[in-house]
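Below you'll find the structure, written out as structure tokens, and then a few comments.
Read the figures in this text as sums done on the coordinates, not as results from a lab. What you are looking at is a predicted structure, and each value in this text was computed from that prediction instead of being measured. Glycine gets a Cβ as well: all are built from the backbone with ideal geometry, and neighbour counts include every protein chain shown.
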Amino acid sequence: QVQLVESGGGVVQTGKSLRLSCVVSGFTLRGYAFHWVRQAPGKGLEWVAHISHDGGRTDYADSVKGRFITSRDNSNKTLFLEMKSLTKEDTAVYYCARQNLGPYFDSWGQGTLVSVSS
Amino acid sequence: QSALTQPPSASGSPGQSVTISCTGTSDDIGRYDYVSWYQQESGKAPKLLIYAVSKRPSGVPDRFYASKSGNTASLTVSGLQAEDEADYFCSSYVSTNSWVFGGGTKLTVL
């Protein structure tokens with residue numbers, strides 16, 4: 001069945017970097033665009049980034065533009081989110097989500113928690 | 001891009017109907033029929049509930065239905081069941097390949 005599994009979260013100091021991964025299974029990665037969506041503790045969802053099916057196009061929320069980079073390795077069925085210059089406001093559970101049926105998120109991973117502290 | 005506006009909470013008794021609103025602007029909900037709704041049970045990942053304003057993915061009961069008028073989208077849950085207790089988020093595509101979510105509505109089944 002369709003599965004997305006994030007990893008790479010943890011506790012990191014303000015200003016440092018972290019790289020998240022999302023491994024997918026149960027379908028062909030290259031056929032889909034993907035997104036990263038985050039959720040701060042007790043808060044709502046926030047769209048973070050999008051990557052096209054071939055990686056040729058990426059888009060970012062203003063809150064992370066210039067600091068976050070998303071990429072993909074279709075052969076290894078893995079998505080990445082490289083996060084730099086982290087601040088406390090980046091503390092959240094980060095989900096990877098598949099785009100399908102149009103501009104919608106039809107499958108989600110279980111999320112990985114990133115905690116930024118001083 | 002500002003978040004879509006949802007009421008923080010909603011509630012209803014089993015068997016009743018409850019409607020959750022989601023208000024955006026003419027740049028998102030008002031411009032595109034790309035509205036979706038997600039259900040998030042406590043401690044779990046979100047689940048796609050509604051897409052393209054009113055379509056249900058396979059497996060979603062027809063007790064969940066949604067619509068849009070102008071800059072506001074709405075999700076109605078009819079015949080409330082205990083298992084419907086969750087957080088509900090609306091979302092809309094916005095121009096230049098970006099997306100926006102609502103702040104979420106916590107639905108309580110009394």
Checklist entry - lysines within cross-link reach of B:LYS47: Cα-Cα under 23 Å, excluding same-chain residues under 8 positions apart? => result A:LYS43, A:LYS77, B:LYS55, B:LYS68, B:LYS106
Checklist outcome for this item: Comparing A:TRP108, A:TRP47, A:TRP36 in a Gaussian network model of chain A (Cα, 10 Å), the one with the largest mean-square fluctuation is A:TRP47
Item to check | Rg [Å, one decimal], Dmax [Å, integer] - the protein assembly as shown, C-alpha atoms | outcome: 17.2, 51
Checklist entry - Which semi-axes, in whole Å and largest first, does the equivalent ellipsoid of segment A:12-65 have when worked out from the alpha carbon gyration tensor as the square roots of 5 times its eigenvalues? => result 23, 14, 13
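Which value results when the Cα radius of gyration for segment A:52-95 is divided by 2.2 N^0.38 Å?
Working: Rg = 11.7 Å, N = 44, 2.2 N^0.38 = 9.3 Å.
Output field value: 1.26.
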Checklist entry - Under the definition of partner shielding as Cβ atoms of other protein chains within 10 Å of a residue Cβ, what is the mean value for peptide A:32-40? => result 2
Item to check | Number of partner chain Cβ atoms within 10 Å, mean per residue of A:95-102 | outcome: 3
Next on the checklist: Using only alpha-carbon positions, what ratio does the radius of gyration of segment B:28-81 give when scaled by 2.2 N^0.38 Å?
Outcome noted: 1.16
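For chain A, with only Lys/Arg (+1) and Asp/Glu (-1) charged at the beta-carbon, what is the dipole magnitude about the Cα centre, in debye rounded to 20? Mind showing how you got there, number by number?
On the way: 13 positive and 10 negative charges, 37 e Å.
Dipole size: approximately 180 debye.
Taking beta carbons within 10 Å but only from partner chains, what does the mean come to for residues A:56-62?
On the way: counts 0, 1, 1, 4, 2, 4, 2.
Partner-chain Cβ atoms within 10 Å, mean over residues of A:56-62: 2.
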Checklist entry - Straight-line reach from A:LYS16: which lysines have Cα under 23 Å away, leaving out those fewer than 8 places along the same chain? => result A:LYS65, A:LYS84, A:LYS88
Checklist outcome for this item: Compactness summary of segment B:1-98: radius of gyration and Dmax from Cα atoms, Å, are 13.1, 42
Item to check | Stokes-Einstein D for chain A, Kirkwood Rh over Cα pairs, 37 °C, 0.692 mPa s (µm²/s) | outcome: 233
Checklist entry - Which residue, B:SER11, B:SER95, B:SER78, tops the fluctuation ranking in a GNM of chain B built on C-alpha contacts under 10 Å? => result B:SER95
